[in-house]
Amino acid sequence: MSTSKAVSTDLSVTRNYVRDGKVMQIATLAGGGEPAVCNLWYASSFEPDRLFFISRPDRTHCRNIRADRRVAGAIVTIELDGLGQEVQGVSFAGTAEEVPVAEADALLPIYHGRWPQGSELANVEMMLADGNAHRLYEIRVDRWILFDEINHPDDPRRVIDFARAG
């Protein structure tokens, strides 16, 4: 298989894993440089590859994102049975930011389409009325790392780096 075809196949598999996942872990950087990790429900959109989540702006990860937009994270896409199980999942690196309220109305349907009950937590009217209401955040993915021990047992780690490709 040619390198470009392999990358295209890996990207397709990666995007499917991301679509199938439900919760992601993201790592942000605090002011002193120490990492902080949290778990978040998310929705995805591709071309460009983005992840969306809602959260209150006073949460640690949101404060960290305002200070330093760099994030990394992971999504496990299999049912976990036990130690020794073959793993399939995705990790990523990119930049995150709070979506301005003026743009949120156009992007919230991506999140609400996946998690309809999220419309009770985050909508433009609530954002305008309450400075600490849930906000929409967007992660622009610069790099995916597919880890697939089932389909690639000899070389399970596959890097898809948009920064280098573009």
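Within region 47-66, the set of residues being exposed (fewer than 14 other Cβ atoms within 10 Å of the Cβ), free of Cβ contacts under 8 Å to residues at least 40 places away in the same chain and within 17 Å of residue 136 (Cα to Cα) comprises 60, 66. Count of region 110-144 residues, restricted to those that are in contact with a Lys or Arg (Cβ under 9 Å, 6 or more places away or on another chain), farther than 23 Å from residue 48 by Cα and surrounded by fewer than 17 Cβ atoms within 10 Å (Cβ to Cβ), is 1. Of all residues in region 79-109, those satisfying the criterion of being over 22 Å from residue 66 (Cβ atoms) and either among the basic types (Lys, Arg) or surrounded by 15 or more Cβ atoms within 10 Å (Cβ to Cβ) (or both) are 88, 89, 90, 91. Among strands (runs of 3 or more DSSP E) entirely within region 2-78, having at least 3 residues that are closer than 30 Å to residue 128 by Cβ and hydrophobic (A, V, I, L, M, F, W, C) singles out 23-29, 35-41, 50-55.
From the list 113, 89, which one is modelled with pLDDT of 95 or more and not acidic (Asp, Glu)? If you could, list the steps in order and put the result at the bottom.
On the way: 89 fails: modelled with pLDDT of 95 or more.
It is 113.
The values are calculated or read from the model by the stated rules, or taken from the named source; none is laboratory data. Keep in mind it's a predicted model, so treat the numbers as computed, not measured. A quick note on method: Cβ atoms are made from the backbone with ideal geometry, for glycine too, and the neighbour counts reach across all protein chains shown.
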